[in-house]
Amino acid sequence: MQNAKSWSLDLGGRELRISTGLLAGQANGAVTVAYGETVVLGTAVMSKHAGQSRGYFPLMVDYEERYYAAGKIKGSRFIKREGRPSDTAVLSGRAVDRTVRPLFDGRMRSEIQVITTVLSFDGENDPDLVAIIAASAALAISDIPWNGPVGAVRVGRIAGGDFILNPTTEERENETNTLDLMISGTKDKINMIEAGANEISEAEMAKAFEFGFANIQKIALFIESICSEIGRPKSEAIILAGPEGFDETLKAFLREAGLAEALFSLVKKEEKEAAFSDIEKKMKAFVSEKYPETAAGLGEVASLVMDELSDEILHEKILKENMRPDGRKLDEIRPITSQVGVLPRTHGTGLFTRGETQALTVTTLGAPGDQMIVDTMEVDMKKRYMHFYNFPPYSVGEVKPMRGPGRREIGHGALAEKALLPVLPPYEEFPYTMLLVSEVLASNGSSSMASTCGSTLSLMDAGVPIRKPVAGIAMGIIEGNGEYRVLSDIQGLEDHFGDMDFKVAGTADGITAMQMDVKIDGLSPETLAVALVQARESRLFILGKMLETIAEPRKEMSKHAPRIITLHINPDKIRDVIGPGGKVINKIIDETGVSIDIEDDGSIFITSTDATGAKAAIEWIENLTREVKAGELFQGRITRLMNFGAFAEVLPNQEGLIHISELADYRVEKVEDVVKVGDVIPVIVKEIDSQGRINLSHKAAVHRLETEGQPTEE
């Protein structure tokens, strides 16, 4: 096409190429971004009319992964079309959303949709990173009002080495990689962080921020240069606003009505909400009286003004007086209590309460075969550790339909899961499948970090030998007039009206997971470094409280948890355990009631809650796979007669030949004169020849029994 253009930037030794003019020409902005052979289409569209009033900015961000991008066909036999996005795709979509959303005017009411579609995936360069850049470029060159562009990078680090810019999939999965950090922002500030780490220090994490930010700036400036060449003038968006002077008049009324007092009253959450509700009623009455002709259409504007004034008051009080809404000091943690073993039949439980936030996390242990199969565009894998997060409406005193987990629930569950991964015992030492479910029972700030703490308690209660306990804390920042204050353990109001939600989880020795969102355009690496130091102090305090409840994993698992017995056999014997068409292994399972999982290296895992059944299965498998040795004595069952001797089964599926000369200590004319099929006679293993054939002797066995009295083996 005539208008097709491309631009390139060297990024981490690979070409980042942004192209436009070829695809999706009817979108307000459309680009394809290629990094290696990973290609993502980014589109941005703004409606021409205001959408249905929702009380919030109507931005939709979708991340679409296509199996064809990786040359794959969806694994299900019956459904081949991509449907509901995988959890991996949901998390990628959230990363795009959390990056672009803060840079819109919150008063916009034009519907906007950003869609990133993965068209090609090379298995090396992650498409979620490319998707953020594609969304940024599409918005930047469009006529949609937006305060971008942004850039995004990944940062990895091999233990003891330098930081790696945009590590490949292989580098990220390397055992020695201690950091997986995704960071995005504008040319001036960082506005989104997602990280998993293997106990990296706060000082090293701060250096990673600086390293990543320097490369983010390159990308943002690169997109700016493209905009200067082909960017469209920004159009007029639909902005929610009242009559002239409405905001100032209403804010003056709300101050007189006691909004500041309601915000900073030292009462419980429900009492504070009741005070807000009372002020809202007064506000509606005031608007109806003051603006009788337009009052019906000013409800959403009035609510927005009340939110904006609440934000202003919160900033004023904290910045000028170091005063928080519940009277705490800036670094003070709310009261903490915790319990373990609160449910009688579960394998492990942890109940963690911090202020008015409470999470109950339950651990269930299962067999290796209970692992979750993950089949996505990017990976085919099995997960032995899973964390699911549930946020029922009663946790915030609301009535809503239960429709399954949304993006937020999936994101919070993944964060808590990531926090515990580095401390889990290796599969070789603890082959159990571990499923943790966190039920948020009450919420007023950072239920995801409460779930992380509950997970540690629950795993230790279940007897899972984690290396170290993990705790999490949510930090906030209030910024204005060149000043800022870092808040520890933010509650709901501070999250809603504050400038940052910075969740940091880790052990006493370092960070294991991290996530940051902002309400403003971003924060500097230096400010984030200060927040990290305060977060460490808070995390250590919480860890101390948790260890007062349970100091280490229990030595014994719950009596209701299954036990796994591990056997190791010759891999060549696996077929004997499985049998033709699975006949043998299914018979063992049916008759003993156990679960059996077999690895290619000959490892066999027998899982059972019944000791008798487990013992029977072990003996069965040992007999099937045992390799006889010369000199061993058995009771052999005659299976076949030949002219030259008889074959006897000494172990399941293992038989040897008793040559006619070994049937008796005299000359035997016919084999049938001594034995017949079905007879059980003592035999001794004379030798195993070079071809693995077993040679037996009946006469030697009889002689041993007569002279030595050695018992026979079954």
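No lab work stands behind these numbers, since they all come straight from the coordinates. What you see is a predicted model; the values in this text were computed from it and never measured. Virtual Cβ from ideal backbone geometry, glycine too; neighbours counted across all protein chains shown.
Would you grab the residues whose amide H sits under 5 Å from the one on ARG109? Only those 5+ places off in sequence or on another chain, please, with H modelled 1.01 Å from N. Amide H neighbours of ARG109, under 5 Å, 5+ apart: ILE238, ILE239, LEU240.
Equivalent-ellipsoid semi-axes for the range 184-287 (Cα gyration tensor, √(5λ), whole Å, largest first): 42, 28, 10.
In straight-distance terms, cross-link reach from LYS573 covers every one of the aspartates and glutamates whose alpha-carbon lies under 13 Å from its own, apart from those fewer than eight places away in the same chain; here that gives GLU599, ASP600, ASP601, GLU622, GLU627. Were the residues from ASP331 through THR294 laid out at 0.36 nm apart, the gain over their Cα-Cα distance would be 8.8 nm.
Relative to the current alpha-carbon distance between LYS555 and GLU526, full extension at 0.36 nm per residue lengthens the span by 6.1 nm. Averaging the sequence gap over all C-alpha pairs within less than 8 Å and six or more residues apart, then dividing by the number of residues, gives the range 404-475 a relative contact order of 40 percent. Computed with the Debye formula from one identical point scatterer per Cα of the chain, without solvent, the log10 of I(q)/I(0) at q = 0.05, 0.10 Å⁻¹ comes to -0.36, -1.03.
Here the dipole of the range 54-196 is about 640 debye; that uses its Cα centre as origin and unit charges on the Cβ of Lys and Arg (positive) and Asp and Glu (negative). Computed from the alpha carbon atoms alone, the convex hull of the range 5-230 holds 143 Å³ per residue.
Over 19 Å between Cα atoms: which of LYS187/LYS218; LYS207/LYS545; LYS418/LYS468 fall into that group?
Correct reply: LYS207/LYS545.
Taking every C-alpha pair closer than 8 Å and separated by at least 6 residues, the mean separation divided by the residue count of the range 5-230 gives a relative contact order of 20 percent. What does the C-alpha gyration tensor say about the overall shape of the range 410-531? Classify as rounded when a/c is under 1.5, otherwise prolate if a/b is larger than b/c, or oblate. Judged from the Cα gyration tensor, the range 410-531 comes out prolate (a/c at least 1.5, a/b above b/c). Tell me whether the range 105-168 comes out rounded, prolate or oblate; compute the Cα gyration tensor, take square roots of the eigenvalues as a ≥ b ≥ c, and use a/c under 1.5 as the rounded threshold. Prolate, since a/c reaches 1.5 and a/b exceeds b/c.
Here the chain is assigned +1 on the Cβ of each Lys and Arg and -1 on the Cβ of each Asp and Glu. Its dipole about the Cα centre then comes out at about 1040 debye. Relative to the longest principal axis of the Cα atoms of the chain, the long axis of helix 407-420 makes an angle of roughly 60 degrees.
Model label sites at LYS268 and GLU672, defined 7 Å from Cα along the beta-carbon direction, differ in position by 9.3 nm.
The phi-based Karplus calculation (6.51 cos²θ - 1.76 cosθ + 1.60; θ = phi - 60°) puts the 3J(HN,Hα) values of the range 556-563 at 10, 7, 4, 5, 8, 7, x, 10 Hz, whole numbers, x for Gly and Pro. For the chain, the relative contact order comes to 10 percent (Cα pairs under 8 Å, sequence separation of at least 6). Ellipticity at 222 nm from helices only: DSSP H runs of n ≥ 4 in the chain, each -39500 (n - 2.57), divided by the residue count, give -10000 deg cm²/dmol. Whole-Hz Karplus values for the range 14-31 come out as 10, 7, 9, 10, 10, 10, 8, x, 9, 10, 6, x, 8, 6, 4, x, 8, 9 Hz, taken residue by residue from phi with 6.51 cos²θ - 1.76 cosθ + 1.60 and θ = phi - 60°; glycine and proline positions read x. Each distinct pair of alpha carbons in the range 282-417 adds a 1/r term; the inverse of their mean, the Kirkwood radius, is 20.3 Å.
How would you rank 436-444, 260-268, highest first, on the average number of other Cβ atoms within 10 Å across their residues? All intermediate terms of the calculation are to be shown ahead of the outcome.
Details: 436-444: 21.7, 260-268: 15.3.
Those peptides, ordered most packed to least, come out 436-444, 260-268.
Compared with the direct C-alpha span, the chain from ARG403 to THR566 gains 54.6 nm at full extension, assuming 0.36 nm per residue.
Across q = 0.14, 0.15, 0.19 Å⁻¹, the range 568-706 modelled as identical point scatterers on its alpha-carbon atoms has Debye log10 I(q)/I(0) values of -0.72, -0.79, -1.03, in the order of the q list. Per the Debye formula on identical point scatterers at the alpha carbon atoms of the range 588-669, with no solvent, log10 I(q)/I(0) at q = 0.14, 0.15, 0.26, 0.27 Å⁻¹ is -0.64, -0.69, -1.21, -1.26.
Once the Cα atoms of helix 87-100 and of the chain are each reduced to a long axis, what angle between those two axes, in degrees from 0 to 90 to the nearest 10, is obtained? It is inclined by approximately 20 degrees. The calculated FRET efficiency for LYS587 paired with ASN322, based on their beta-carbon distance and R0 = 45 Å, is about 0.05.
Can you tell me the FRET efficiency between GLN113 and ASP380 if r is taken as the Cβ-Cβ distance and R0 is 35 Å, rounded to the nearest 0.05?
It comes out at approximately 0.70.
If R0 equals 51 Å, the separation of the Cβ atoms of GLN635 and PHE430 corresponds to a calculated FRET efficiency of about 0.85. Dipole orientation for the range 246-321: of the candidates PHE253, VAL267, ALA296, VAL267 has the Cα lying most toward the positive pole (charges on Cβ; Lys, Arg +1; Asp, Glu -1).
Averaging over all projection directions, the Cα-based convex hull of the range 321-361 occupies 3.3 nm² in the image plane.
Let me know the whole percent of all Cα-Cα pairs from the range 563-625 that are separated by more than 20 Å.
14 percent
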